[in-house]
């Protein structure tokens, strides 16, 4: 049946048509199979390193063929699907390589002072003491009630509604509104809760595009998008390059250009995906740019996905504006706008795995809710968070203190790097310094950038994220997370990096 | 691009072929579009309820067309993907309809004694008191340590390794071994933890088959498989019917027949998927059948997925044999065998969302681990379970008492139904009676079965699962869960059902 799928339109038609159309097509298919079988193999060096990892499009994994299927007693593992072969073999970008190395030898100020310092991971440890304090005081009563006997085990143990508890959606809506400094209110019925922002992005992508469609993504962009979206959905990401000469601002003209290019290549663009505040750059989109973006997506009949997971982690003087704020005006078609949110960044709780889709499109809400069967949040965690987010005093104090600490640590890093002759982009949000080390490259290229990155990893034992992993078009930029270490570690970090930079300067 | 996908094989061929093949096909397509546009609308009752909800395969959602894209100010929501349209509109089977009705008016012995009694949901409430007791005594120290200051907030709040904590895998391996009464030991390195068995099955399916491939599934089978597997993976499920005349046993001859049929239709079968103990029938596969199954999948170069989530919920005298036990012999190629497990059934904790893939295939382990980024378990829940499953005394007591209670409740239901003239299949595991009500059908057909089911739902206000939802080929069988009510509720359940049956008998 599958190979005649293209004929379905006809098969659905009147009976008389079936044979007349089926037979010539069937002949064509057999001819095609005949050719495929008899085609000579390509020369051994013809596939590039990257295409070698791609699954063949025939549905048969590379390690198997019609003539050599594993038989009883074979020592090769039974063949998996083409897509699994691709996923299992996918070569890791520097982003993940650094992560792995760090796991083998993680720095600790006392127990492993020579270990690898992780500045490549987007975690915020600066305010975990506040969370710890809250948990120590409230854990038991959050889950088991104020006193013995309050426990409703059914509320913890049994199946839950798809898309999360309404109680959690309600406090989540309140939390999001607080994050946006009350400038906008969120409707709990438009929230779909998932086990982290990662499945939220994937489920939303499934809902907005079909295999072969594409999203335009202003770059440099978060390295995880490639995995989050491309692993299973079949959607392509098209980077829309932003440049240092333009302060890495998003240009509608560049979006327009890439959109037209894609159209020329026969690719259907379905959405613009951006992070605001930007990961990795740390800048915030201006209100005017948001208006222009909404006009652009409306004009082109696209969706707009605004990943706002760092909305509450701003530290500059610039005010963050959520895309939701502009929709309250009623000028735009809200149904094409979707926000990604979560508690991994603004509440420093990635381990709790809580993400959210906030959508204005009823079909997306219906479909994505059904998809949450694959990424539900554990009920004890949901109940814990209902308590935590209902504690207004705690939440307000946490957000205030966390912002102050982010600002302080950011300033320390910027100053420390400045001492080494390294300039940071003037960022306003997120956990990163976006760092220009281009003058330390031995060659002004991706190769040169990765060489410096490797030296910082292997000699300085500091994990950074190279701009190449973020699809940055200009070599020499690095993402440097300032929230995974303490203030006391900063001199050590700078000292370690400085040695490598000196060496690179000397041979420059 | 979308509409020429079927020609990909040709396009990959030599250049000269392209035009010669493309042109006739393009003509065919245009003809097809022409016909579709000019075809008069079908009469209102011509598409069945289920096909009306299927997405068109043209890549264009039903609510949009090339000539009427929503424009600025349009009130129709922006078009979503074809797959989302299909998911959002998918008509719910009786299995889900009953669930929804129950949510609107759930029975409670004191606060809503006339509400709907849920016997369609596979939850076990019989032993929740034991879990409750354990939590009350151990929650605080599981997460925060024995005393103030023990808390390692980093272990709770920060990112976790893909596929779950090694500590949890280790106690999970021990728990699984205990469930199998020590007959087999499990290697923690082969366990991949996911947020429930549902994403475990989906991720495994992604790994074993490509879109258009199929799994053979002995039926009656768990109604959730259709959603778990078909929603996103593009894999088809082919029921292999088991019959009452053969005690609903799996027949290798029937498997062979369906395999050949599929092959004839050009469908590539990639795996056999079964649940053992069977959901909904409740029988256990004999050791000999397991051997035959392993021979069959080896012979056909297929995978075998054994869903053993009810392995610890047996209550008969028959001994449960895990497929893992047979692999210790070394006779078979282990790499084609994969077990699904979880804590939703045997530990009564569906709300905790903990599932597992246990695979002997290194490529599946590698790929599925990467896929767990979309379905990670919350860290507080993981730590809680490490404590709970490490408590050997609690686990052993729980398993013992739970088995006794299952046996007792099962016997009560069987006896109660017998009084109504209804026979149950002799089951040995799971939460269900598999009930033969065929003699009460007004017509011996799926229609007759659904009519009785509706009356039991609407008149008796009891949710059952009709055999049709489980792809049972014989009308009149129902799945009846006996673990969601208390012993005291049993007479009420029987009383309510009996009224409907009397009415059906009268008009028979």
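Nothing in this text is a laboratory measurement; each read-out follows from the coordinates by a stated rule. Given the structure is predicted, the values throughout are model-derived calculations rather than measurements. Virtual Cβ from ideal backbone geometry, glycine too; neighbours counted across all protein chains shown.
Residue B:412 label points, 7 Å along Cα→Cβ, one per copy: pairwise distances from this copy to the rest in nm, shortest first?
From this label point to the equivalent ones elsewhere in the assembly: 6.2 nm.
To the nearest 0.05, what FRET efficiency results for residue A:166 and residue A:411 with a Förster distance of 35 Å applied to their C-beta separation? Walk me through the intermediate numbers first.
On the way: r = 41 Å, r/R0 = 1.18.
With R0 = 35 Å, the Cβ-Cβ based efficiency is 0.25.
How well do other chains shield peptide A:297-309, expressed as the mean number of their Cβ atoms within 10 Å of each residue Cβ?
Details: counts 1, 6, 2, 0, 8, 1, 4, 1, 0, 0, 0, 0, 0.
Averaged over the peptide's residues, the number is 2.
If contacts are Cα pairs under 8 angstrom and at least 6 residues apart, what is the relative contact order of the range B:147-394 in percent?
Details: 412 pairs, mean separation 69.2, N = 248.
For the range B:147-394, the relative contact order is 28 percent.
Which three lengths, in whole Å and largest first, does the range A:148-392 cover when its Cα atoms are put on their principal axes?
65, 41, 33
Take peptides A:158-168, A:429-439, A:201-211, A:178-188 and line them up by average Cβ neighbours within 10 Å, highest first, as a rough protection proxy.
Numbers: A:158-168: 18.8, A:429-439: 24.7, A:201-211: 26.5, A:178-188: 15.9.
The most tightly packed comes first, giving A:201-211, A:429-439, A:158-168, A:178-188.
Viscosity 0.692 mPa s, temperature 37 °C: give me the Stokes-Einstein translational D for the range A:140-267 in µm²/s, with Rh taken as the Kirkwood radius over C-alpha pairs.
Details: Rh = 18.3 Å.
Approximately 179 µm²/s, per Stokes-Einstein.
If r is the Cβ-Cβ distance from residue B:112 to residue A:442 and R0 is 51 Å, what FRET efficiency results, to the nearest 0.05? Let's see the in-between values first.
Details: r = 74 Å, r/R0 = 1.46.
Working from the Cβ atoms, E equals 0.10.
In whole percent, what relative contact order does the range A:435-505 give with Cα contacts below 8 Å and a gap of six or more residues? Each step should come with its number before you reach the end.
Numbers: 86 pairs, mean separation 26.1, N = 71.
The value is 37 percent.
How far, in nm to one decimal, is residue B:257 from itself in the other copies if the label point is set 7 angstrom along Cα toward Cβ? Shortest first, please.
Sorted ascending, the copy-to-copy spacings read 6.5 nm.
Of all DSSP beta bridges in the range A:148-392, what percent run antiparallel (nearest 5)?
On the way: 9 of 27 bridges.
Here the antiparallel bridges make up roughly 35 percent for the range A:148-392.
Count, for each residue of B:360-367, the Cβ atoms from other chains sitting within 10 Å of its Cβ, then give me the mean as a whole number. Don't skip to the end; give the middle numbers.
Details: counts 2, 6, 3, 12, 6, 2, 7, 11.
The per-residue average across the peptide is 6.
List the extent of the Cα atoms of the range B:405-508 along each of their three principal axes, largest first, rounded to whole Å.
Largest to smallest, the principal-axis extents are 37, 26, 20 Å.
If you average the sequence gap of Cα pairs under 8 Å that are 6 or more apart and divide by the length of the range A:359-457, what percent do you get for the contact order?
Values: 39 pairs, mean separation 10.8, N = 99.
It comes to 11 percent, rounded to a whole number.
Per residue of B:171-181, what is the mean number of Cβ atoms on other protein chains within 10 angstrom of that residue's Cβ?
Numbers: counts 0, 0, 0, 0, 0, 0, 0, 0, 0, 0, 0.
For this peptide, the per-residue mean of nearby foreign Cβ atoms is 0.
Once label points are set 7 Å from the Cα along Cα→Cβ at both residue B:99 and residue B:496, what is their separation, rounded to one decimal in nm?
Label at residue B:99, label at residue B:496, 1.9 nm between them.
Strictly greater than 17 Å: what percent of every Cα pair in the range A:301-374 meets that? Walk me through the intermediate numbers first.
On the way: 1450 of 2701 pairs.
Summing the P(r) tail past 17 Å for the range A:301-374 gives 54 percent.
Modelled label-to-label distance, residue A:329 and residue A:287, 7 Å Cα→beta-carbon offset: nm?
About 0.9 nm, to one decimal.
Put a label point 7 Å from Cα along the Cβ direction on residue B:212, then list its distances to the equivalent points in the other copies in nm, shortest first.
1.2
Give the separation of the Cα centroids, the range B:288-333 to the range A:174-217, in Å.
Spelled out, the Cα-based centre of one part sits 42 Å from the other.
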